[in-house]
1. So which residues in the stretch 500-514 are free of Cβ contacts under 8 Å to residues at least 12 places away in the same chain and assigned to a helix (DSSP H, G or I)?
2. Let me spell it out: the conditions are (1) outside any helix (DSSP H, G or I); (2) closer than 30 Å to residue 437 by Cβ; (3) not assigned by TED's automatic domain parsing to the domain that holds residue 143, and residue 258 meets all of them except one. Which number is the exception?
3. If you scan the stretch 200-216, which residues turn out to be without any contact (Cβ under 8 Å) to a residue 12 or more places away in the chain and either crowded, with 18+ Cβ neighbours inside 10 Å or not in a loop (DSSP other than H, G, I, E, B) (or both)?
4. Here is a list of conditions, (1) within 30 Å of residue 318 (Cβ to Cβ); (2) surrounded by 19 or more Cβ atoms within 10 Å (Cβ to Cβ); (3) over 19 Å from the mean Cα position of the chain (by Cα), and residue 452 meets all of them except one; can you say which number that is?
5. Any idea which of (1) over 29 Å from residue 260 (Cα atoms); (2) touching a residue at least 24 places away in the same chain (Cβ under 8 Å); (3) part of a helix (DSSP H, G or I) is the one residue 394 doesn't satisfy?
6. Which one of 219, 238, 247 is touching a residue at least 12 places away in the same chain (Cβ under 8 Å) and more than 15 Å from residue 123 (Cβ to Cβ)?
7. Here are 197, 133: which of them is in the same structural domain as residue 239 (by TED's automatic domain parsing), in contact with a strand residue (DSSP E or B) (Cβ under 6 Å, 6 or more places away or on another chain) and free of Cβ contacts under 8 Å to residues at least 40 places away in the same chain?
8. Please specify each residue of the stretch 467-488 satisfying the condition of being more than 13 Å from residue 518 (Cα to Cα) and in a helix (DSSP H, G or I).
(Lines give C-alpha, C1' and ligand atoms only; values in the text may rest on other atoms or scores of the structure.)
Protein backbone atom coordinates (compact mmCIF):
# COMPACT_ATOMS: atom_id res chain seq x y z
CA UNK A 1 0.00 0.00 0.00
CA UNK A 2 2.83 2.38 0.93
CA UNK A 3 4.54 1.58 -2.37
CA UNK A 4 1.34 2.39 -4.30
CA UNK A 5 0.94 5.69 -2.49
CA UNK A 6 4.54 6.55 -3.22
CA UNK A 7 3.99 5.89 -6.92
CA UNK A 8 0.91 8.13 -6.88
CA UNK A 9 3.03 10.83 -5.27
CA UNK A 10 5.80 10.44 -7.85
CA UNK A 11 3.33 10.74 -10.70
CA UNK A 12 1.64 13.78 -9.07
CA UNK A 13 -1.84 12.32 -9.68
CA UNK A 14 -3.35 14.19 -6.75
CA UNK A 15 -2.03 17.50 -8.10
CA UNK A 16 -3.28 16.67 -11.60
CA UNK A 17 -6.71 15.66 -10.25
CA UNK A 18 -7.11 18.85 -8.21
CA UNK A 19 -5.86 21.04 -11.04
CA UNK A 20 -8.17 19.42 -13.57
CA UNK A 21 -11.22 19.62 -11.28
CA UNK A 22 -10.52 23.27 -10.51
CA UNK A 23 -10.12 24.12 -14.20
CA UNK A 24 -13.25 22.12 -15.12
CA UNK A 25 -15.30 23.82 -12.39
CA UNK A 26 -14.19 27.27 -13.56
CA UNK A 27 -14.95 26.36 -17.17
CA UNK A 28 -18.46 25.15 -16.29
CA UNK A 29 -19.20 28.43 -14.48
CA UNK A 30 -18.08 30.43 -17.51
CA UNK A 31 -20.06 28.22 -19.89
CA UNK A 32 -23.17 28.55 -17.70
CA UNK A 33 -23.02 32.36 -17.92
CA UNK A 34 -22.49 32.22 -21.68
CA UNK A 35 -25.31 29.67 -22.09
CA UNK A 36 -27.78 31.89 -20.25
CA UNK A 37 -26.72 34.97 -22.20
CA UNK A 38 -27.00 33.34 -25.61
CA UNK A 39 -29.91 31.03 -24.84
CA UNK A 40 -28.07 27.75 -25.41
CA UNK A 41 -30.22 24.64 -25.04
CA UNK A 42 -29.89 22.71 -21.78
CA UNK A 43 -28.50 19.70 -23.68
CA UNK A 44 -25.39 21.73 -24.64
CA UNK A 45 -24.42 22.12 -21.00
CA UNK A 46 -25.04 18.42 -20.34
CA UNK A 47 -22.76 17.48 -23.23
CA UNK A 48 -20.05 19.85 -21.95
CA UNK A 49 -20.17 18.31 -18.46
CA UNK A 50 -20.03 14.73 -19.78
CA UNK A 51 -17.18 15.66 -22.15
CA UNK A 52 -15.22 17.12 -19.22
CA UNK A 53 -15.84 13.87 -17.35
CA UNK A 54 -14.40 11.90 -20.28
CA UNK A 55 -11.48 14.34 -20.37
CA UNK A 56 -10.79 13.73 -16.68
CA UNK A 57 -10.29 10.02 -17.31
CA UNK A 58 -7.96 10.77 -20.22
CA UNK A 59 -6.00 13.33 -18.15
CA UNK A 60 -5.37 10.78 -15.38
CA UNK A 61 -4.09 8.24 -17.92
CA UNK A 62 -1.76 10.85 -19.45
CA UNK A 63 -0.51 11.86 -15.99
CA UNK A 64 0.31 8.26 -15.08
CA UNK A 65 2.03 7.68 -18.42
CA UNK A 66 4.23 10.74 -18.09
CA UNK A 67 4.96 10.00 -14.46
CA UNK A 68 6.32 6.60 -15.51
CA UNK A 69 8.60 8.42 -17.99
CA UNK A 70 9.67 10.84 -15.30
CA UNK A 71 8.32 13.93 -17.05
CA UNK A 72 5.08 15.81 -16.40
CA UNK A 73 4.86 17.50 -19.76
CA UNK A 74 2.40 16.92 -22.57
CA UNK A 75 3.53 17.25 -26.17
CA UNK A 76 1.60 19.14 -28.84
CA UNK A 77 0.61 15.91 -30.54
CA UNK A 78 -0.76 14.55 -27.28
CA UNK A 79 -2.75 17.74 -26.73
CA UNK A 80 -4.25 17.33 -30.20
CA UNK A 81 -5.13 13.69 -29.44
CA UNK A 82 -6.73 14.78 -26.15
CA UNK A 83 -8.82 17.44 -27.91
CA UNK A 84 -9.95 14.97 -30.56
CA UNK A 85 -10.95 12.43 -27.93
CA UNK A 86 -12.97 15.09 -26.08
CA UNK A 87 -14.68 16.12 -29.31
CA UNK A 88 -15.47 12.53 -30.23
CA UNK A 89 -16.78 11.86 -26.73
CA UNK A 90 -19.05 14.90 -26.88
CA UNK A 91 -20.33 13.90 -30.32
CA UNK A 92 -21.12 10.39 -29.10
CA UNK A 93 -23.02 11.76 -26.11
CA UNK A 94 -24.93 14.15 -28.37
CA UNK A 95 -25.78 11.37 -30.81
CA UNK A 96 -27.08 8.88 -28.31
CA UNK A 97 -28.47 11.14 -25.60
CA UNK A 98 -32.30 11.28 -25.49
CA UNK A 99 -33.55 13.82 -27.96
CA UNK A 100 -35.20 16.86 -26.48
CA UNK A 101 -38.94 16.78 -27.00
CA UNK A 102 -41.22 19.74 -27.32
CA UNK A 103 -42.00 19.21 -23.65
CA UNK A 104 -38.37 19.82 -22.67
CA UNK A 105 -38.70 23.50 -23.40
CA UNK A 106 -42.47 23.68 -23.30
CA UNK A 107 -44.80 23.09 -26.25
CA UNK A 108 -44.78 26.00 -28.61
CA UNK A 109 -41.67 27.64 -27.25
CA UNK A 110 -39.11 28.93 -29.71
CA UNK A 111 -35.98 26.83 -29.96
CA UNK A 112 -32.92 28.95 -29.15
CA UNK A 113 -31.14 27.50 -32.17
CA UNK A 114 -33.97 28.07 -34.63
CA UNK A 115 -33.14 30.74 -37.22
CA UNK A 116 -35.23 33.87 -36.79
CA UNK A 117 -36.63 35.10 -40.12
CA UNK A 118 -36.03 38.73 -40.98
CA UNK A 119 -39.68 39.05 -41.97
CA UNK A 120 -41.01 38.49 -38.46
CA UNK A 121 -42.58 40.84 -35.94
CA UNK A 122 -44.24 41.08 -32.54
CA UNK A 123 -46.80 43.81 -31.92
CA UNK A 124 -46.35 44.84 -28.30
CA UNK A 125 -49.17 46.44 -26.32
CA UNK A 126 -49.37 50.16 -27.04
CA UNK A 127 -49.07 52.62 -24.15
CA UNK A 128 -52.04 54.76 -23.17
CA UNK A 129 -50.88 58.38 -23.19
CA UNK A 130 -54.36 59.88 -22.95
CA UNK A 131 -54.64 62.79 -20.48
CA UNK A 132 -56.76 60.82 -17.98
CA UNK A 133 -55.07 57.45 -18.69
CA UNK A 134 -58.44 55.75 -18.98
CA UNK A 135 -58.13 54.60 -22.60
CA UNK A 136 -56.05 51.46 -22.08
CA UNK A 137 -58.75 49.35 -23.75
CA UNK A 138 -58.37 51.57 -26.83
CA UNK A 139 -54.56 51.44 -26.99
CA UNK A 140 -54.60 47.67 -26.42
CA UNK A 141 -57.29 47.30 -29.04
CA UNK A 142 -55.36 49.25 -31.68
CA UNK A 143 -52.30 47.03 -31.13
CA UNK A 144 -54.42 43.89 -31.24
CA UNK A 145 -56.13 44.98 -34.46
CA UNK A 146 -52.75 45.61 -36.10
CA UNK A 147 -51.45 42.24 -34.90
CA UNK A 148 -54.52 40.50 -36.29
CA UNK A 149 -54.24 42.23 -39.67
CA UNK A 150 -50.51 41.49 -40.01
CA UNK A 151 -51.05 37.84 -39.06
CA UNK A 152 -53.02 37.31 -42.25
CA UNK A 153 -50.17 38.45 -44.50
CA UNK A 154 -48.43 35.62 -46.28
CA UNK A 155 -44.69 35.57 -45.81
CA UNK A 156 -44.69 37.48 -42.51
CA UNK A 157 -44.30 35.67 -39.19
CA UNK A 158 -46.27 37.44 -36.45
CA UNK A 159 -46.03 36.53 -32.77
CA UNK A 160 -49.33 35.68 -31.07
CA UNK A 161 -51.26 38.27 -29.11
CA UNK A 162 -50.99 36.61 -25.69
CA UNK A 163 -47.24 36.14 -26.06
CA UNK A 164 -46.66 39.72 -27.23
CA UNK A 165 -48.92 41.28 -24.60
CA UNK A 166 -47.21 39.23 -21.89
CA UNK A 167 -44.42 41.83 -21.90
CA UNK A 168 -46.75 44.70 -21.19
CA UNK A 169 -45.33 46.76 -18.35
CA UNK A 170 -42.34 44.43 -17.84
CA UNK A 171 -39.67 46.68 -19.40
CA UNK A 172 -37.84 43.69 -20.87
CA UNK A 173 -34.81 44.06 -23.12
CA UNK A 174 -35.84 43.80 -26.77
CA UNK A 175 -33.19 41.18 -27.43
CA UNK A 176 -34.79 38.99 -24.78
CA UNK A 177 -38.24 39.53 -26.29
CA UNK A 178 -36.97 38.79 -29.78
CA UNK A 179 -35.36 35.52 -28.71
CA UNK A 180 -38.38 34.46 -26.64
CA UNK A 181 -40.87 35.14 -29.44
CA UNK A 182 -38.61 34.21 -32.34
CA UNK A 183 -38.97 37.55 -34.11
CA UNK A 184 -36.47 39.92 -35.65
CA UNK A 185 -38.59 43.06 -35.15
CA UNK A 186 -41.04 44.54 -32.70
CA UNK A 187 -43.67 47.22 -33.20
CA UNK A 188 -43.91 49.54 -30.22
CA UNK A 189 -46.27 52.42 -29.90
CA UNK A 190 -48.58 54.64 -27.94
CA UNK A 191 -52.05 56.07 -28.34
CA UNK A 192 -53.21 59.46 -27.17
CA UNK A 193 -56.98 59.85 -27.34
CA UNK A 194 -58.59 63.12 -26.32
CA UNK A 195 -62.20 63.55 -27.27
CA UNK A 196 -62.49 62.55 -30.91
CA UNK A 197 -58.84 63.28 -31.66
CA UNK A 198 -56.42 60.36 -31.86
CA UNK A 199 -52.64 60.36 -32.18
CA UNK A 200 -50.94 57.00 -32.74
CA UNK A 201 -47.16 56.85 -32.48
CA UNK A 202 -45.56 53.71 -33.88
CA UNK A 203 -41.97 52.60 -34.25
CA UNK A 204 -40.42 49.49 -35.76
CA UNK A 205 -37.31 48.30 -33.91
CA UNK A 206 -34.87 45.48 -34.70
CA UNK A 207 -34.50 43.14 -31.75
CA UNK A 208 -30.88 42.13 -32.30
CA UNK A 209 -29.36 45.61 -32.00
CA UNK A 210 -32.23 47.93 -30.87
CA UNK A 211 -31.95 49.83 -34.15
CA UNK A 212 -35.01 51.97 -34.82
CA UNK A 213 -35.96 51.13 -38.39
CA UNK A 214 -38.82 53.57 -38.61
CA UNK A 215 -40.97 55.81 -36.42
CA UNK A 216 -43.97 57.95 -37.25
CA UNK A 217 -46.85 59.88 -35.69
CA UNK A 218 -50.33 59.46 -37.13
CA UNK A 219 -53.00 62.05 -36.33
CA UNK A 220 -56.71 61.93 -37.03
CA UNK A 221 -60.08 61.61 -35.38
CA UNK A 222 -62.03 58.49 -34.44
CA UNK A 223 -63.57 58.24 -37.88
CA UNK A 224 -60.03 57.88 -39.30
CA UNK A 225 -58.95 55.01 -37.03
CA UNK A 226 -59.02 52.31 -39.72
CA UNK A 227 -57.17 54.57 -42.17
CA UNK A 228 -54.51 55.22 -39.52
CA UNK A 229 -54.07 51.50 -38.90
CA UNK A 230 -53.87 50.91 -42.64
CA UNK A 231 -51.06 53.45 -42.97
CA UNK A 232 -49.12 51.83 -40.11
CA UNK A 233 -49.57 48.33 -41.55
CA UNK A 234 -48.41 49.47 -44.99
CA UNK A 235 -45.36 51.16 -43.51
CA UNK A 236 -44.43 47.90 -41.80
CA UNK A 237 -44.85 45.81 -44.94
CA UNK A 238 -42.77 48.33 -46.89
CA UNK A 239 -39.92 48.30 -44.36
CA UNK A 240 -39.94 44.49 -44.07
CA UNK A 241 -40.43 44.06 -47.83
CA UNK A 242 -43.51 41.87 -47.45
CA UNK A 243 -45.22 41.03 -50.73
CA UNK A 244 -48.95 41.73 -50.57
CA UNK A 245 -51.28 39.39 -52.38
CA UNK A 246 -54.85 39.59 -53.66
CA UNK A 247 -57.15 41.99 -51.85
CA UNK A 248 -54.34 42.90 -49.44
CA UNK A 249 -52.77 44.98 -52.21
CA UNK A 250 -55.73 47.31 -51.78
CA UNK A 251 -56.53 46.94 -48.08
CA UNK A 252 -54.64 45.35 -45.20
CA UNK A 253 -56.91 46.60 -42.41
CA UNK A 254 -60.53 46.39 -43.54
CA UNK A 255 -63.05 48.97 -42.36
CA UNK A 256 -65.15 47.03 -39.83
CA UNK A 257 -67.76 49.72 -39.13
CA UNK A 258 -68.69 53.23 -40.15
CA UNK A 259 -69.41 54.17 -36.53
CA UNK A 260 -66.43 55.26 -34.41
CA UNK A 261 -68.54 54.95 -31.26
CA UNK A 262 -69.49 51.38 -32.14
CA UNK A 263 -65.85 50.52 -32.74
CA UNK A 264 -64.80 51.93 -29.36
CA UNK A 265 -67.49 49.85 -27.64
CA UNK A 266 -66.30 46.78 -29.55
CA UNK A 267 -62.73 47.31 -28.32
CA UNK A 268 -63.89 47.66 -24.72
CA UNK A 269 -65.89 44.43 -24.89
CA UNK A 270 -63.05 42.62 -26.64
CA UNK A 271 -60.71 43.41 -23.76
CA UNK A 272 -63.12 41.68 -21.36
CA UNK A 273 -63.44 38.68 -23.65
CA UNK A 274 -59.67 38.31 -24.10
CA UNK A 275 -59.15 38.32 -20.33
CA UNK A 276 -62.17 36.04 -19.76
CA UNK A 277 -63.09 38.61 -17.12
CA UNK A 278 -66.33 37.00 -15.96
CA UNK A 279 -67.09 39.76 -13.48
CA UNK A 280 -67.49 42.21 -16.39
CA UNK A 281 -69.17 39.94 -18.94
CA UNK A 282 -72.55 41.65 -18.47
CA UNK A 283 -70.96 45.05 -19.22
CA UNK A 284 -69.22 43.67 -22.31
CA UNK A 285 -72.46 42.16 -23.61
CA UNK A 286 -74.25 45.48 -23.10
CA UNK A 287 -71.44 47.33 -24.88
CA UNK A 288 -71.71 45.06 -27.92
CA UNK A 289 -75.48 45.41 -27.95
CA UNK A 290 -75.05 49.21 -27.94
CA UNK A 291 -72.51 48.93 -30.75
CA UNK A 292 -74.99 46.95 -32.82
CA UNK A 293 -77.69 49.53 -32.20
CA UNK A 294 -75.31 52.13 -33.64
CA UNK A 295 -74.34 49.86 -36.57
CA UNK A 296 -76.51 46.76 -37.07
CA UNK A 297 -74.24 45.66 -39.94
CA UNK A 298 -71.10 45.53 -37.77
CA UNK A 299 -70.28 41.87 -38.49
CA UNK A 300 -67.35 41.61 -36.10
CA UNK A 301 -69.46 42.95 -33.22
CA UNK A 302 -72.04 40.23 -33.93
CA UNK A 303 -69.22 37.67 -33.97
CA UNK A 304 -67.69 38.91 -30.71
CA UNK A 305 -71.08 38.95 -29.02
CA UNK A 306 -71.62 35.36 -30.17
CA UNK A 307 -68.27 34.41 -28.66
CA UNK A 308 -69.07 36.07 -25.34
CA UNK A 309 -72.50 34.45 -25.11
CA UNK A 310 -71.14 31.03 -26.04
CA UNK A 311 -68.92 30.94 -22.93
CA UNK A 312 -70.77 33.33 -20.59
CA UNK A 313 -72.36 30.64 -18.42
CA UNK A 314 -68.87 29.32 -17.62
CA UNK A 315 -68.06 32.53 -15.79
CA UNK A 316 -71.30 34.04 -14.52
CA UNK A 317 -74.97 33.28 -13.81
CA UNK A 318 -76.63 33.56 -17.20
CA UNK A 319 -79.67 31.75 -18.46
CA UNK A 320 -78.19 28.82 -20.37
CA UNK A 321 -80.86 28.47 -23.05
CA UNK A 322 -81.01 32.22 -23.72
CA UNK A 323 -77.21 32.52 -23.93
CA UNK A 324 -76.92 29.64 -26.39
CA UNK A 325 -79.78 30.93 -28.53
CA UNK A 326 -78.23 34.41 -28.59
CA UNK A 327 -74.83 33.01 -29.54
CA UNK A 328 -76.32 31.09 -32.44
CA UNK A 329 -78.35 34.07 -33.64
CA UNK A 330 -75.44 36.52 -33.64
CA UNK A 331 -73.09 33.96 -35.20
CA UNK A 332 -75.50 33.44 -38.11
CA UNK A 333 -75.98 37.18 -38.56
CA UNK A 334 -72.22 37.72 -38.61
CA UNK A 335 -71.69 35.07 -41.29
CA UNK A 336 -74.47 36.56 -43.40
CA UNK A 337 -72.80 39.97 -43.23
CA UNK A 338 -69.24 38.67 -43.76
CA UNK A 339 -68.91 35.03 -44.87
CA UNK A 340 -65.10 35.23 -44.62
CA UNK A 341 -65.03 35.73 -40.85
CA UNK A 342 -63.84 32.72 -38.87
CA UNK A 343 -64.90 33.87 -35.39
CA UNK A 344 -68.67 33.42 -35.82
CA UNK A 345 -68.19 29.79 -36.90
CA UNK A 346 -65.93 29.21 -33.90
CA UNK A 347 -68.49 30.77 -31.55
CA UNK A 348 -71.24 28.72 -33.15
CA UNK A 349 -69.13 25.62 -32.60
CA UNK A 350 -68.84 26.43 -28.91
CA UNK A 351 -72.56 27.08 -28.52
CA UNK A 352 -73.43 23.83 -30.29
CA UNK A 353 -70.88 21.93 -28.20
CA UNK A 354 -72.44 23.12 -24.99
CA UNK A 355 -75.86 21.98 -26.21
CA UNK A 356 -74.33 18.58 -27.01
CA UNK A 357 -74.91 18.98 -30.72
CA UNK A 358 -71.43 17.62 -31.12
CA UNK A 359 -71.31 16.67 -34.79
CA UNK A 360 -72.65 20.11 -35.80
CA UNK A 361 -70.16 21.71 -33.44
CA UNK A 362 -67.16 20.00 -35.02
CA UNK A 363 -68.42 20.91 -38.48
CA UNK A 364 -68.62 24.60 -37.52
CA UNK A 365 -65.15 24.55 -35.98
CA UNK A 366 -63.67 22.87 -39.04
CA UNK A 367 -65.16 25.69 -41.09
CA UNK A 368 -63.60 28.30 -38.80
CA UNK A 369 -60.18 26.62 -39.01
CA UNK A 370 -60.38 26.50 -42.80
CA UNK A 371 -61.35 30.18 -43.07
CA UNK A 372 -58.59 31.47 -40.81
CA UNK A 373 -55.94 29.05 -39.51
CA UNK A 374 -54.25 32.03 -37.78
CA UNK A 375 -57.24 32.67 -35.49
CA UNK A 376 -55.80 31.38 -32.21
CA UNK A 377 -59.10 31.24 -30.31
CA UNK A 378 -60.85 29.36 -33.11
CA UNK A 379 -57.98 26.92 -33.45
CA UNK A 380 -57.85 26.36 -29.70
CA UNK A 381 -61.58 25.66 -29.52
CA UNK A 382 -61.19 23.22 -32.40
CA UNK A 383 -58.34 21.42 -30.60
CA UNK A 384 -60.21 21.35 -27.29
CA UNK A 385 -63.31 19.90 -28.92
CA UNK A 386 -61.32 17.18 -30.66
CA UNK A 387 -59.91 16.20 -27.28
CA UNK A 388 -63.35 16.32 -25.66
CA UNK A 389 -64.65 13.85 -28.26
CA UNK A 390 -61.79 11.43 -27.57
CA UNK A 391 -59.48 12.37 -30.47
CA UNK A 392 -56.67 12.96 -28.01
CA UNK A 393 -53.69 12.60 -30.35
CA UNK A 394 -55.19 14.95 -32.93
CA UNK A 395 -56.05 17.38 -30.18
CA UNK A 396 -52.49 17.30 -28.86
CA UNK A 397 -51.06 17.93 -32.32
CA UNK A 398 -53.35 20.90 -32.89
CA UNK A 399 -52.67 22.32 -29.42
CA UNK A 400 -48.94 22.14 -30.16
CA UNK A 401 -49.61 24.02 -33.39
CA UNK A 402 -51.62 26.68 -31.54
CA UNK A 403 -48.82 27.07 -29.00
CA UNK A 404 -46.34 27.47 -31.82
CA UNK A 405 -48.42 30.43 -33.03
CA UNK A 406 -48.86 31.83 -29.52
CA UNK A 407 -46.71 30.18 -26.82
CA UNK A 408 -48.51 32.02 -24.03
CA UNK A 409 -52.14 31.50 -25.02
CA UNK A 410 -53.51 30.75 -21.52
CA UNK A 411 -56.25 28.25 -22.33
CA UNK A 412 -54.08 26.30 -24.78
CA UNK A 413 -51.28 26.10 -22.18
CA UNK A 414 -53.74 24.73 -19.65
CA UNK A 415 -55.28 22.07 -21.88
CA UNK A 416 -51.91 20.92 -23.19
CA UNK A 417 -50.61 20.83 -19.62
CA UNK A 418 -53.56 18.67 -18.57
CA UNK A 419 -52.86 16.21 -21.37
CA UNK A 420 -49.20 16.01 -20.36
CA UNK A 421 -50.25 15.35 -16.76
CA UNK A 422 -52.68 12.60 -17.79
CA UNK A 423 -49.90 11.04 -19.89
CA UNK A 424 -47.62 10.97 -16.84
CA UNK A 425 -45.21 13.66 -18.09
CA UNK A 426 -45.37 15.75 -14.92
CA UNK A 427 -42.33 17.89 -15.70
CA UNK A 428 -43.81 19.12 -18.99
CA UNK A 429 -47.25 19.48 -17.42
CA UNK A 430 -45.89 21.66 -14.63
CA UNK A 431 -43.96 23.85 -17.07
CA UNK A 432 -47.02 24.63 -19.18
CA UNK A 433 -49.49 24.87 -16.31
CA UNK A 434 -47.24 27.31 -14.46
CA UNK A 435 -47.10 29.44 -17.60
CA UNK A 436 -50.90 29.47 -17.72
CA UNK A 437 -50.89 30.72 -14.13
CA UNK A 438 -48.28 33.37 -14.97
CA UNK A 439 -50.58 34.81 -17.62
CA UNK A 440 -53.40 34.92 -15.05
CA UNK A 441 -55.61 32.09 -16.31
CA UNK A 442 -58.37 31.99 -13.70
CA UNK A 443 -58.69 28.20 -13.48
CA UNK A 444 -54.99 27.28 -13.80
CA UNK A 445 -55.19 25.61 -10.39
CA UNK A 446 -57.23 22.75 -11.84
CA UNK A 447 -54.16 21.47 -13.65
CA UNK A 448 -51.61 22.48 -11.03
CA UNK A 449 -53.49 20.37 -8.46
CA UNK A 450 -52.63 17.29 -10.53
CA UNK A 451 -48.93 18.20 -10.39
CA UNK A 452 -48.99 18.76 -6.62
CA UNK A 453 -50.90 15.51 -6.02
CA UNK A 454 -48.42 13.51 -8.10
CA UNK A 455 -45.69 14.67 -5.71
CA UNK A 456 -47.64 13.92 -2.55
CA UNK A 457 -48.18 17.61 -1.75
CA UNK A 458 -51.70 17.11 -0.46
CA UNK A 459 -52.48 20.53 0.99
CA UNK A 460 -51.06 22.34 -2.03
CA UNK A 461 -53.14 20.07 -4.30
CA UNK A 462 -56.28 20.90 -2.31
CA UNK A 463 -55.56 24.64 -2.45
CA UNK A 464 -54.95 24.57 -6.20
CA UNK A 465 -58.07 22.49 -6.83
CA UNK A 466 -60.31 24.83 -4.83
CA UNK A 467 -58.84 28.01 -6.34
CA UNK A 468 -59.09 26.67 -9.89
CA UNK A 469 -62.51 25.06 -9.73
CA UNK A 470 -64.27 28.00 -8.10
CA UNK A 471 -63.79 29.99 -11.31
CA UNK A 472 -65.92 27.61 -13.38
CA UNK A 473 -68.67 26.59 -10.96
CA UNK A 474 -71.24 28.85 -9.42
CA UNK A 475 -72.91 27.17 -6.46
CA UNK A 476 -70.24 25.51 -4.30
CA UNK A 477 -68.53 27.37 -1.47
CA UNK A 478 -64.79 27.49 -0.97
CA UNK A 479 -65.17 25.18 2.03
CA UNK A 480 -67.13 22.65 -0.02
CA UNK A 481 -64.57 22.76 -2.80
CA UNK A 482 -61.80 22.05 -0.33
CA UNK A 483 -63.74 19.05 0.99
CA UNK A 484 -64.04 17.72 -2.56
CA UNK A 485 -60.38 18.38 -3.27
CA UNK A 486 -59.25 16.65 -0.09
CA UNK A 487 -61.43 13.68 -0.94
CA UNK A 488 -59.73 13.36 -4.33
CA UNK A 489 -56.17 13.44 -2.99
CA UNK A 490 -56.64 12.39 0.65
CA UNK A 491 -57.25 9.20 2.59
CA UNK A 492 -60.32 6.98 2.91
CA UNK A 493 -61.89 9.21 5.56
CA UNK A 494 -61.50 12.29 3.37
CA UNK A 495 -63.01 10.37 0.45
CA UNK A 496 -66.04 9.38 2.56
CA UNK A 497 -66.56 12.99 3.65
CA UNK A 498 -66.38 14.16 0.04
CA UNK A 499 -68.90 11.54 -1.09
CA UNK A 500 -71.27 12.62 1.67
CA UNK A 501 -71.03 16.20 0.39
CA UNK A 502 -71.75 15.00 -3.15
CA UNK A 503 -74.83 13.13 -1.88
CA UNK A 504 -76.05 16.29 -0.15
CA UNK A 505 -75.40 18.40 -3.26
CA UNK A 506 -77.31 16.04 -5.53
CA UNK A 507 -80.38 16.49 -3.35
CA UNK A 508 -80.44 20.15 -4.39
CA UNK A 509 -82.62 21.21 -7.36
CA UNK A 510 -79.70 21.41 -9.82
CA UNK A 511 -78.36 17.89 -10.36
CA UNK A 512 -76.22 18.25 -13.50
CA UNK A 513 -72.82 19.71 -12.71
CA UNK A 514 -69.61 18.90 -14.55
CA UNK A 515 -67.49 19.63 -11.46
CA UNK A 516 -69.45 17.08 -9.43
CA UNK A 517 -69.10 14.56 -12.26
CA UNK A 518 -65.36 15.19 -12.36
CA UNK A 519 -65.18 14.68 -8.59
CA UNK A 520 -67.11 11.41 -8.79
CA UNK A 521 -64.76 10.10 -11.47
CA UNK A 522 -61.73 11.00 -9.35
CA UNK A 523 -63.37 9.46 -6.27
CA UNK A 524 -63.82 6.15 -8.10
CA UNK A 525 -67.56 6.48 -8.71
CA UNK A 526 -67.70 6.54 -12.54
CA UNK A 527 -71.21 5.03 -12.81
CA UNK A 528 -72.69 7.83 -10.76
CA UNK A 529 -70.80 10.41 -12.83
CA UNK A 530 -72.37 9.06 -16.01
CA UNK A 531 -75.81 8.87 -14.41
CA UNK A 532 -75.94 12.52 -13.33
CA UNK A 533 -74.67 13.86 -16.67
CA UNK A 534 -76.58 11.62 -19.06
CA UNK A 535 -79.84 13.53 -19.30
CA UNK A 536 -78.87 17.19 -19.42
CA UNK A 537 -75.78 19.27 -20.23
CA UNK A 538 -74.26 21.32 -17.45
CA UNK A 539 -72.67 24.78 -17.68
CA UNK A 540 -69.23 23.18 -17.28
CA UNK A 541 -69.34 19.82 -19.09
CA UNK A 542 -65.78 20.14 -20.37
CA UNK A 543 -64.40 19.86 -16.83
CA UNK A 544 -65.37 16.19 -16.69
CA UNK A 545 -65.46 15.23 -20.38
CA UNK A 546 -61.72 15.69 -20.95
CA UNK A 547 -60.95 13.46 -17.96
CA UNK A 548 -62.96 10.62 -19.54
CA UNK A 549 -60.02 10.12 -21.92
CA UNK A 550 -57.40 10.09 -19.17
CA UNK A 551 -56.30 7.15 -17.00
CA UNK A 552 -58.78 8.40 -14.39
CA UNK A 553 -61.58 7.93 -16.92
CA UNK A 554 -60.70 4.36 -17.88
CA UNK A 555 -63.05 2.79 -15.26
CA UNK A 556 -65.88 4.81 -16.82
CA UNK A 557 -64.94 3.70 -20.34
CA UNK A 558 -64.99 0.05 -19.23
CA UNK A 559 -68.51 0.21 -17.79
CA UNK A 560 -71.13 -1.79 -19.75
CA UNK A 561 -73.37 1.29 -19.91
CA UNK A 562 -70.65 3.49 -21.46
CA UNK A 563 -71.61 2.58 -25.03
CA UNK A 564 -75.20 3.60 -24.33
CA UNK A 565 -73.98 6.75 -22.60
CA UNK A 566 -71.87 8.00 -25.53
CA UNK A 567 -74.75 7.31 -27.91
CA UNK A 568 -77.21 9.20 -25.73
CA UNK A 569 -75.12 12.32 -25.13
CA UNK A 570 -74.01 12.56 -28.77
CA UNK A 571 -70.38 11.41 -28.84
CA UNK A 572 -71.26 8.40 -30.98
CA UNK A 573 -72.82 10.66 -33.64
CA UNK A 574 -69.42 12.37 -34.03
CA UNK A 575 -67.62 9.03 -34.19
CA UNK A 576 -70.06 7.72 -36.81
CA UNK A 577 -69.13 10.67 -39.04
CA UNK A 578 -65.43 11.16 -38.25
CA UNK A 579 -64.27 7.72 -37.12
CA UNK A 580 -63.69 6.05 -33.77
CA UNK A 581 -61.70 7.94 -31.13
CA UNK A 582 -58.32 6.89 -29.77
CA UNK A 583 -59.53 4.45 -27.10
CA UNK A 584 -62.58 2.97 -28.78
CA UNK A 585 -63.52 0.83 -31.77
CA UNK A 586 -66.78 0.28 -33.57
CA UNK A 587 -68.40 -3.14 -33.29
CA UNK A 588 -70.41 -4.94 -35.95
CA UNK A 589 -73.57 -3.85 -34.11
CA UNK A 590 -72.67 -0.22 -34.71
CA UNK A 591 -72.00 0.47 -31.04
CA UNK A 592 -68.62 1.42 -29.62
CA UNK A 593 -66.45 -0.53 -27.23
CA UNK A 594 -63.82 1.45 -25.36
CA UNK A 595 -60.80 0.51 -23.31
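1. 500, 503, 504
2. With (1) outside any helix (DSSP H, G or I); (2) closer than 30 Å to residue 437 by Cβ; (3) not assigned by TED's automatic domain parsing to the domain that holds residue 143 applied to residue 258, the lone miss is (2).
3. 212
4. With respect to (1) within 30 Å of residue 318 (Cβ to Cβ); (2) surrounded by 19 or more Cβ atoms within 10 Å (Cβ to Cβ); (3) over 19 Å from the mean Cα position of the chain (by Cα), residue 452 is out only on (1).
5. For residue 394, the failing item is (2).
6. 219
7. 197 is the lone residue from the list that is in the same structural domain as residue 239 (by TED's automatic domain parsing), in contact with a strand residue (DSSP E or B) (Cβ under 6 Å, 6 or more places away or on another chain) and free of Cβ contacts under 8 Å to residues at least 40 places away in the same chain.
8. Matches in the stretch 467-488: 467, 468, 478, 479, 480, 482, 483, 486.
The values are calculated or read from the model by the stated rules, or taken from the named source; none is laboratory data. What you see is a predicted model; the values in this text were computed from it and never measured. Here the Cβ is made from the backbone with ideal geometry for all residues, glycine too, and neighbour counts use every protein chain on show.
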